[in-house]
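Derivation of every value follows stated rules applied to the coordinates shown; laboratory data play no part. Quick caveat: nothing in here was measured; it's all calculated off a predicted structure. Every residue, glycine as well, gets a Cβ built from its backbone with ideal geometry; the counts of neighbours run over all protein chains shown.
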Amino acid sequence: MKIEEALEESKKVLTQKRYDHVERVTETAINLSEQYHGDHYRVGLAAALHDYAKDMDFSILKQWIVDHVDLPKDLLNYHHEVWHGPVGAKMMERFFMIHDDEVLNAIRYHTTGHKHMSLTEKIVFLADFIEPGRDFPAVHEARKIAEKDLDRACHFALENSIHFLISKKQSIYPDTFFAYNEFTDQLT
Ligand code: DGI
Ligand code: FE
Ligand code: FE
Ligand code: FE
């Protein structure tokens, strides 16, 4: 599937607002990929499909988690916001016969991160955080760090997400901590 075709597929299932976000993430991810010598095609494809399941009914996402043995059941104990990545990746296998783990993992973990993130995963994760439509206090600093150091920018994004979730008194999916801890160990 070409990146343009992937964008078309996302457009079919997303609201215009969400689709515009996906286009900006794809462009941002491709730029980061050039900067950090990533795989242009895999990064672009994963970015174009990363929020494929985002506008679907929670009950549908829930059913996919229940029905697919290889989707972690502990997702159901957390906020539905963490479901669209893992379920979206599964949908890419089923609907579009995408079996490239590099691409699937970047979709799967784009919300939470996880331990041992690949270059493609880091780029999609960060692009989702810093795309030009984002506007929250930490995004300016994140964009600045992203110009210099991909790992530090991911670390900064994770740190901010954890702060943000705590401030909202929400629970945090463990993969977020595994990702945060690994960057912390590497960088300090
Ligand atoms: O899908 P997007 O809005 O582009 O961005 P995203 O997939 O990175 O995050 C979606 C939302 O999920 C965002 O508002 C923050 C929230 N989120 C991320 N990790 C966790 C989380 N919410 C909870 N409750 N727990 C998490 O671990
Ligand atoms: Fe998302
Ligand atoms: Fe994100
Ligand atoms: Fe997104």
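Our summary gives the chain a relative contact order of 21 percent, counting only alpha carbon pairs under 8 angstrom and 6 or more residues apart. When the listed pairs K62/K168; K122/K144; K17/K54; K62/K122; K73/K168 are checked against a 18 Å cut-off, the alpha-carbon distance exceeds it for K62/K168; K62/K122; K73/K168.
Taking the chain as a Gaussian network of alpha-carbon nodes connected by springs under 10 Å, the highest mean-square fluctuation of the residues F125, F136, F156 belongs to F136. Shape class of segment 80-156 from the Cα gyration tensor (axes a ≥ b ≥ c, square roots of the eigenvalues): prolate, since a/c reaches 1.5 or more and a/b is larger than b/c.
With Cα atoms defining each centre, segment 26-45 and segment 112-188 are spaced 17 Å apart in the structure. A straight Cα-to-Cα reach below 15 Å connects K2 with the aspartates and glutamates E23, E27, D39, D100, residues fewer than 8 places away in its own chain not being considered. Between the listed residues A146, S171, F156, the Cα displaced farthest toward the positive end of the dipole of segment 108-188, a dipole computed from Cβ unit charges relative to the Cα centre, is found at S171. When Rg and the Kirkwood radius Rh are both evaluated on Cα atoms of the chain, their ratio Rg/Rh stands at 0.94. Dividing the summed -39500 (n - 2.57) terms of all DSSP H runs of n ≥ 4 by the residue count of the chain sets its mean residue ellipticity at 222 nm at -21000 deg cm²/dmol. This model, with +1 at the C-beta of Lys and Arg and -1 at the C-beta of Asp and Glu, gives the chain a dipole about its Cα centre of some 500 debye.
With neighbour counts taken as other beta-carbon atoms within 10 Å, the residues H155, H110 rank, fewest first, as H155, H110.
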